[in-house]
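Peer 1: Can you keep this structure in mind? I'll have questions shortly.
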Amino acid sequence: MPIISNHRPRMETCIQRGTRVIRGPDWTYRDQDGGKGHAGTVLSLQAVYRPYFAKQTVLVQWDNGEKGLYRTGYNQAYDLRILETAKSGRHLKIWCDACNLEEIKGIRWRCTECYAFDLCTTCYMNDEHDLSHVFMRVMSSHKTSKGIKMLPRSSSPHIPLRGSFPGAKVVRHPHWCMRNRTAKQLGRVVKTGQTPEQSIGVQAVVDFSCTLESVDFTEIICTLPGSGGHVYDGHLPNLGELETVGEGDKVLVTATPPEMKELHERRGLWDPDMVKTCGRKGFVNKRTNTGDFTVTFHDTQETFTMNSAALRKLHRFCLGQLVRISDDIKMVKRLQFGHGGWNPTMKQVIGKVGKIVKIEGSDINVKTKDQTFVFSSANLVPARIPFHRPKERSMAEFWNIALQMSEAEVDIVMAVASGDIPLVKRMLKNHPELVHHEPKPGKTLLSVTVANKDVRMMKFLVEKGCFIESYDEKGCTPLFLATDVNNFEGVRFLLEQGADVDSANCEGLTSFAVACSHGSFECAHYLLMHGADVNMKSKDDYLPIIRAIENEGRTILDLILARKEIDLKAVSTSLFMSSMHYAALGGNTYALTKLMEKAPRMVEAQQCNGNTPIFCAGYASSLKATEVLIKKGHCNVNAQTNGDQTCPLHLALYKENFHLIEVLMKNGANANITIRAGDSCLQMAFDVLDSIESEERCIKEEPFMSEMKKKWGHVGIKTNGDALLAYLVSHGGDLDVYNCDNITIRESLQLKSKDALLRSLDQIQSLTRKDIAKQQSTANYPPCILTKNCPGTVAEAEHGCSVLKKCTATPETKKQSASKSSEKSSTSSARPVAKTQSAGMSSARPVAKTQSAGMSSEKSSSSSARPVAKTQSAGMSSEKSSTSSARPVAKTQGARVSSEKSPTSSSRPVAKTQSARMSSEKSSTSSARPVAKTQSARMSSEKSSTSSARPGTKIQSARNAPEKSSTSSARPVTKTQSASMSLEKSSTSSPRPGTEIRSAINSSGKSSMSSGSQQKSAGKETTNACERGAGDSSAQNSKNKPSDTDECNRLQTELQHKNDQLKVLRSRVETLEHLVKKKISFACGHDVTRSIAELIPECPNCSEPIASVVDAH
């Protein structure tokens, strides 16, 4: 049997000076604390400093200045509850998910219904998170994060918290004023609680005459209490109480009738019928909202709410298990009645550890050294003893042990190993003491047969009294050995016999940890069914989930993650590495994906040096793990460590993991981040390349390197090293950043006589900076319209018309109307517009919101229509004697045409209401001036006229009816503009780009309108006029209306100004396209995809509008 130390278990609530408390469940001192919910501070544990005081008492100073001595377990009474602890209960790298406190100190509140969600005491009491969720109270996360489950806060009462909290008025304590002479004695509390910087405990920040000081609560007295919110007092632990009873436990009522009455009267739970429950066994149903328990007694089916001090948990024991005897002599004597009685010699084994050698109901035979006593099961608790690694034995020592074995002992070991049950049965009949034979120290016959996976022999040995719980020199039990060899049937049999599921060996490994390491799914599943702790750490700080990740067992990992009690935030105390860090370090992408699904914030978990999981992926040179963390986890690619301020890009360059550089840079890595020494990533790249060059090593060519050599080969980028530098420079690397030597990279290259490389990189940087300059220059301009260069010649216009005609051959599906009428040698084409469009043979240029363009031509005229941002309509009708087109209006439009002789009218529905009338006579010149939302134009032709109104929402249509020697021009008003130019004979229109408001109208023909009886002759005159030239047209214009020339010049000047703004918009579009390719979002938070959707409202090929826009994230 190994050496056993008789250490005692630590109390759940460690009493320390500075612990903040409130009154507890057994309070009997009226309003000495200032009232219910008022806080105080523990000054000292009186039994330590003043032996003449009663044990288990503490001295407390309340915030109102009063002091008192209170019970912390004395006479089974607890007068105080813990509000906040001072220095104990530090939870390493466990942050609060509500206030983002970096590390929780004191009580940790774990949500049992959410993965990796924790709250500090302040947030828990202030109703953060779902009130219907059940939380677990964890006092320490050192070895495991198991705790006590609370009732939901939604069904628990709370009380207001008062005292030295923010807003309270305080004065300095008189004892402090005597030691420190100062005039600043009055103050106001600004802040309380723990901060990451505080390591000395809980303090208050007080404003003493505009001077902030951090003081202990014992150095101030509260004159006007402040509010600390409210507190669920029933969820707080009692100061000094070690809670051993929980839900689902079998308990024994150990209190006598007088004690029963006293324990329950002071809590208001007394019921005279409770006297009948003394000495009886029951079952704990649940925990109440005041910290008590409801117990059901099966023999009478009665249920009472009882104080936990009157109960004692009954454990399940098995042969060979280590147990600890209770140290309460008075209670042991009382419980021994009816179980062998009390023997004075038992006093020497009180509080010590022994081994169970025999079980008879509730009577347990415990062997301690050379003595064996019978104890009641209520006086015993399981003892998990930490084993130490044994010394390695030599072959001579093993040989001596074998020589000391008798012939019968050797024979029974051989018979058990061979599985010969009849032979073993005959040998045990002659030598029954051999059932406890140990071939090696602590290794029984059951351990021998477990390794052979012989379940029949295991059952036979247990029936004969073989120890189920036996510990060899390494602390391994038969259950541990059965799990180690993946003996599922043996594991199930031992657990059914009561084997301790969480027993650990000398390395701190439990059976469940071994199952995770070996990938034994069936064993792990059965161990979890029997209550195995999934958060139990070994001595090397490895959690079972970490062992499953390293083993790459997907089924085991899924089995663990299916249980919400798994603590994904738990880290090792040495390296502060979480399960996410280990998954990234091993390149286990499956584990990374599963962990991110359960706890997305774990991608930013930090080690003690600030390393996040993406750093571990960089150390492992795992490209897949890096991509998963960036694309699925959206981790910070520019995170820096605490010490030397290294970022993942620095690490990739330093480790020469050039295959990671592309995925880092494409997802926003900054090449200009500097480490603490002052070198940027670009400078480190130069240093690494110099080191490779000096060692005469080659750089493996990556895909981005070959692309850089193809793209920048003409400027001198030939090698892989140069391609790496070019890639960093083209993605924002700055040659003018200073390095650790306080010189720029440019100067460093000049000193190294690398002028050719410098010129190449400088040229790449200059081209890159142009894009950045465009982005900065257009950052304050919202995108309005997608623009393209306008054709400068008639040939280009005709070519554009032919292409657009092919693209728009199919009918429009949404609100779009197209009208085409041409006779003889006329051609019309229309291009897609936003939502609705009317297209004929017209040339329309992009505008911001409203635009009107009309164009009429006869015989040899050509035009092209171009897309606009939101609304545009272009109409054209070319006939022998008449042409009319409706002009655009902002929201409503109607067209009416009246003619005297042979009128033809057609009206169509519009969005709201508008009427447009157009009237013209033979030798008249009309100019329509568009307005912001409504417009009317009238036109009447005496002889033959045709009018049409096209429906649309936010649509304007432009019509121009040229007459004999007529010229029409529209002057811009607010949001619409119409420009008309009429040229006699043959005219050619040259479009000019416009940004927000523009229309160009070209009309040619000497005689454009005539009566129905003169159509043929008018057509001939128009044909002859087209052949004469443009000179007569200008002369005729100047004769009829000389003032229009100045107006056209002014209009051309204004359009030239708009052309400059058009260039700015083009650069804006290019910048947005660049942002989309780089997956960069705006600083304001607006989505780039939606901005592009506003620029391109419909498909340029088929004119189909956008169906939906989905955010990129």
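The values are calculated or read from the model by the stated rules, or taken from the named source; none is laboratory data. Note that the structure is predicted; figures quoted are calculated from it, not measured. Don't worry about glycine lacking a Cβ; one is built from the backbone with ideal geometry, like all the others, and counts go over all protein chains shown.
Peer 1: Sort out for me the strands (runs of 3 or more DSSP E) sitting completely within region 198-289 that have 2 or more residues that are buried (at least 21 other Cβ atoms within 10 Å of the Cβ). Let's see the steps before the verdict.
Peer 2: Numbers: elements: 203-207, 212-215, 220-224, 226-231, 250-253, 281-287.
Qualifying strands (runs of 3 or more DSSP E): 203-207, 220-224, 226-231, 250-253, 281-287.
Peer 1: Conditions: (1) modelled with pLDDT of 90 or more; (2) buried (at least 21 other Cβ atoms within 10 Å of the Cβ); (3) of a type outside the set (D, E, K, R). Gly587 meets all but one. Number of the miss?
Peer 2: (2)
Peer 1: If you don't mind, another one. Return the total of residues in region 715-745 being assigned to a helix (DSSP H, G or I) and under 40 Å from the mean Cα position of the chain (by Cα).
Peer 2: Residues that pass the stated criteria total 12.
Peer 1: Can I ask one more? Scan region 438-459 for residues that are among the hydrophobic types (A, V, I, L, M, F, W, C) and under 14 Å from Glu409 (Cβ atoms) and jot them down. Before you say what the answer is, go through the steps one by one.
Peer 2: Step one: list which residues in region 438-459 are among the hydrophobic types (A, V, I, L, M, F, W, C), which gives 445-446, 448, 450-451, 455, 457-458.
Within region 438-459, Leu445, Val448 qualify.
Peer 1: Still on this structure: Within region 663-704, work out how many residues are of a type in the set (Ser, Thr, Tyr) and farther than 14 Å from Gly721 by Cβ.
Peer 2: Within region 663-704, residues that are of a type in the set (Ser, Thr, Tyr) and farther than 14 Å from Gly721 by Cβ number 2.
Peer 1: Take Cys120 and decide whether it is in contact with a helix residue (DSSP H, G or I) (Cβ under 7 Å, 6 or more places away or on another chain), buried (at least 19 other Cβ atoms within 10 Å of the Cβ), on the phi < 0 side of the Ramachandran plot and modelled with pLDDT of 90 or more.
Peer 2: no
Peer 1: Of the residues in region 123-141, how many are modelled with pLDDT under 90 and buried (at least 20 other Cβ atoms within 10 Å of the Cβ)?
Peer 2: Number of matching residues: 2.
Peer 1: Would you check if there is a residue in region 677-684 being under 29 Å from Leu735 (Cα atoms), touching a Cys at 6+ places or on another chain (Cβ under 6 Å) and surrounded by 16 or more Cβ atoms within 10 Å (Cβ to Cβ)? Even if it seems obvious, please write down each step before you answer.
Peer 2: Here is the first cut: in region 677-684, the ones under 29 Å from Leu735 (Cα atoms) are 677-684.
Still in the list and also touching a Cys at 6+ places or on another chain (Cβ under 6 Å): 677-679.
In the following step, the residues that additionally are surrounded by 16 or more Cβ atoms within 10 Å (Cβ to Cβ) were identified as 679.
Looking for residues that are under 29 Å from Leu735 (Cα atoms), touching a Cys at 6+ places or on another chain (Cβ under 6 Å) and surrounded by 16 or more Cβ atoms within 10 Å (Cβ to Cβ), one finds at least one in region 677-684, hence yes.
Peer 1: One residue is enough: does region 752-764 have a residue meeting the conditions in contact (Cβ under 8 Å) with a residue 40 or more places away in the chain, surrounded by 20 or more Cβ atoms within 10 Å (Cβ to Cβ) and touching a Ser or Thr at 6+ places or on another chain (Cβ under 7 Å)?
Peer 2: Within region 752-764 (the criterion being in contact (Cβ under 8 Å) with a residue 40 or more places away in the chain, surrounded by 20 or more Cβ atoms within 10 Å (Cβ to Cβ) and touching a Ser or Thr at 6+ places or on another chain (Cβ under 7 Å)), the answer is yes, since at least one residue qualifies.
Peer 1: Could you tell me whether Cys698 is part of a loop (DSSP other than H, G, I, E, B) and at pLDDT 85 or above?
Peer 2: Values: part of a loop (DSSP other than H, G, I, E, B): yes; at pLDDT 85 or above: yes.
Yes.
Peer 1: Could you check region 457-484 and list, in sequence order, the residues that are among the acidic types (Asp, Glu) and either in a helix (DSSP H, G or I) or surrounded by 20 or more Cβ atoms within 10 Å (Cβ to Cβ) (or both)?
Peer 2: Glu463, Glu469, Asp472, Asp484
Peer 1: Still on this structure: Select from region 54-76 the residues that are surrounded by fewer than 21 Cβ atoms within 10 Å (Cβ to Cβ) and assigned to a loop (DSSP other than H, G, I, E, B) and list them in ascending order.
Peer 2: Within region 54-76, Ala54, Lys55, Gln56, Asn64, Gly65, Glu66, Gly73 qualify.
Peer 1: Continuing with the same structure: Within region 595-605, identify whether any single residue is in contact (Cβ under 8 Å) with a residue 60 or more places away in the chain, in contact with a Leu (Cβ under 6 Å, 6 or more places away or on another chain), surrounded by fewer than 23 Cβ atoms within 10 Å (Cβ to Cβ) and assigned to a loop (DSSP other than H, G, I, E, B), and answer yes or no.
Peer 2: Within region 595-605, one or more residues are in contact (Cβ under 8 Å) with a residue 60 or more places away in the chain, in contact with a Leu (Cβ under 6 Å, 6 or more places away or on another chain), surrounded by fewer than 23 Cβ atoms within 10 Å (Cβ to Cβ) and assigned to a loop (DSSP other than H, G, I, E, B).
Peer 1: What number of residues within region 496-512 are under 20 Å from Lys539 (Cα atoms) and touching a Lys or Arg at 6+ places or on another chain (Cβ under 6 Å)? Let's see the steps before the verdict.
Peer 2: Initially, region 496-512 is screened for residues under 20 Å from Lys539 (Cα atoms), giving 500-512.
Checking the rest, the ones that are also touching a Lys or Arg at 6+ places or on another chain (Cβ under 6 Å) come to 505-508.
Selection size over region 496-512: 4.
Peer 1: Return the residues of region 566-588 that are over 22 Å from Val138 (Cβ atoms) and part of a loop (DSSP other than H, G, I, E, B); say none if nothing qualifies.
Peer 2: Gly586, Gly587, Asn588
Peer 1: From the list Arg312, Arg334, Arg287, which residue is closer than 26 Å to Ser503 by Cβ and of a type outside the set (A, V, I, L, M, F, W, C)?
Peer 2: Unique residue meeting the criteria: Arg312.
Peer 1: Just wondering, is there one or more residues in region 89-104 that are in the same structural domain as Val138 (by TED's automatic domain parsing), more than 16 Å from the chain's Cα centre (by Cα), buried (at least 23 other Cβ atoms within 10 Å of the Cβ) and under 21 Å from Gly240 (Cβ atoms)?
Peer 2: Within region 89-104, not a single residue is in the same structural domain as Val138 (by TED's automatic domain parsing), more than 16 Å from the chain's Cα centre (by Cα), buried (at least 23 other Cβ atoms within 10 Å of the Cβ) and under 21 Å from Gly240 (Cβ atoms).
Peer 1: Can you tell me which residues in region 485-529 are acidic (Asp, Glu) and surrounded by fewer than 20 Cβ atoms within 10 Å (Cβ to Cβ)? Working first, answer last.
Peer 2: Within region 485-529, the first condition is being acidic (Asp, Glu), and the residues that meet it are 489, 496, 500, 502, 507, 522.
Once the filter is applied, which keeps residues that are acidic (Asp, Glu) and surrounded by fewer than 20 Cβ atoms within 10 Å (Cβ to Cβ), region 485-529 yields Glu489, Glu496, Asp502, Glu507, Glu522.
Peer 1: Here is a follow-up. Testing Glu656 on (1) of a type in the set (D, E, K, R); (2) within 37 Å of the chain's Cα centre (by Cα); (3) part of a helix (DSSP H, G or I), one condition comes back false. Which one is that?
Peer 2: Unmet for Glu656, out of (1) of a type in the set (D, E, K, R); (2) within 37 Å of the chain's Cα centre (by Cα); (3) part of a helix (DSSP H, G or I): (3).
Peer 1: Give Gly678, Gly643 a once-over and let me know the one that is touching a Phe, Trp or Tyr at 6+ places or on another chain (Cβ under 8 Å), of a type outside the set (A, V, I, L, M) and either modelled with pLDDT under 90 or more than 19 Å from Ser622 (Cα to Cα) (or both). Show your work before the answer.
Peer 2: Details: Gly643 fails: touching a Phe, Trp or Tyr at 6+ places or on another chain (Cβ under 8 Å).
The unique qualifying residue is Gly678.
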